[in-house]
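The values are calculated or read from the model by the stated rules, or taken from the named source; none is laboratory data. Everything quoted here is computed from the prediction, not taken from an experiment. Methodologically, a virtual Cβ is constructed for each residue, glycine included, from the backbone with ideal geometry; neighbour enumeration extends over all protein chains shown.
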Amino acid sequence: MENFLEIGIIVKPQGVRGELKVKPFTDAAEDFLGFKRVFLKGEEYRVLSCRTGAGIVYLGLRGVPDRNAAELLRGVSVCVPREEMPETEEGTYYVADLLEASIVTEEGEALGTLTDIRQAATDVYTLTAGDKEILFPVADGVIVSVDVEQKIITVNKKRFYEVAVV
């Protein structure tokens, strides 16, 4: 589903009328309010209702009439077509566009591949080099540049090793 972006995951049913509790992967839960349709397991569902609270999204979807139907969707990814996503602000990127990017130093030294991003107040990236994983926060001065088209993230070597956890 390359033309789709994963924007959340269904945590559990909410209530008895088929509403779904969704953990959003977007910067703000309110980003869901603009979607008219979502895709679950490759199938399109029309959004009937959407509300947010405390960073969580509650979705009512056509075709999910009750709690039993909602329960079957527990753990399923919520996706939308890439063209329906809002444009990102300068210096921000969709996680899907960064995963599998090569991480290199300013001198061109290859450090590994970005395999995971844990979203937090300061995102934590997981770099994989062979069988070794290195975690590093996206703190000030670590990332020098991001080339989404070439899938290359350039880091400041000195600053990277100051914050990296091996």
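Points worth noting:
- Contact map, the stretch 41-65: first residue among the charged types (D, E, K, R), second residue assigned to a strand (DSSP E or B) and surrounded by fewer than 17 Cβ atoms within 10 Å (Cβ to Cβ), Cβ cut-off under 6 Å, separation 6 or more or different chains; pairs are Glu44/Arg37; Arg46/Arg37; Arg62/Arg46; Arg62/Leu48.
- Selection of the stretch 44-86 for residues being modelled with pLDDT under 95 and aliphatic (A, V, I, L, M) yields Ala54, Met85.
- Close pairs (7 angstrom Cβ cut-off, 6 or more residues apart or separate chains): crowded, with 16+ Cβ neighbours inside 10 Å and among the basic types (Lys, Arg) in the stretch 97-112, at pLDDT 95 or above and outside any loop (DSSP other than H, G, I, E, B) anywhere: none
- Test result for Val144, modelled with pLDDT of 95 or more, touching a strand residue (DSSP E or B) at 6+ places or on another chain (Cβ under 6 Å) and buried (at least 16 other Cβ atoms within 10 Å of the Cβ): no
- For the stretch 116-166, a tally of residues being among the charged types (D, E, K, R), in a strand (DSSP E or B) and under 26 Å from Lys23 (Cβ atoms) returns 3.
- Residues (farther than 25 Å from Asp27 by Cα and either of a type in the set (A, V, I, L, M) or modelled with pLDDT under 95 (or both)) located in the stretch 109-130: Ala110, Leu111, Ala129, Gly130
- Scanning the stretch 18-39 finds one or more residues that are small (Gly, Ala, Ser) and in contact with a Ser or Thr (Cβ under 6 Å, 6 or more places away or on another chain).
- Filter result (loosely packed, with under 12 Cβ neighbours inside 10 Å and small (Gly, Ala, Ser)) within the stretch 44-78: Ser49, Gly53, Ala54, Gly55, Gly75
- Of the residues screened, Thr88 is not one that is more than 23 Å from Val146 (Cβ to Cβ), under 19 Å from the mean Cα position of the chain (by Cα), of a type in the set (Val, Ile, Thr) and outside the structural domain of Thr115 (by TED's automatic domain parsing).
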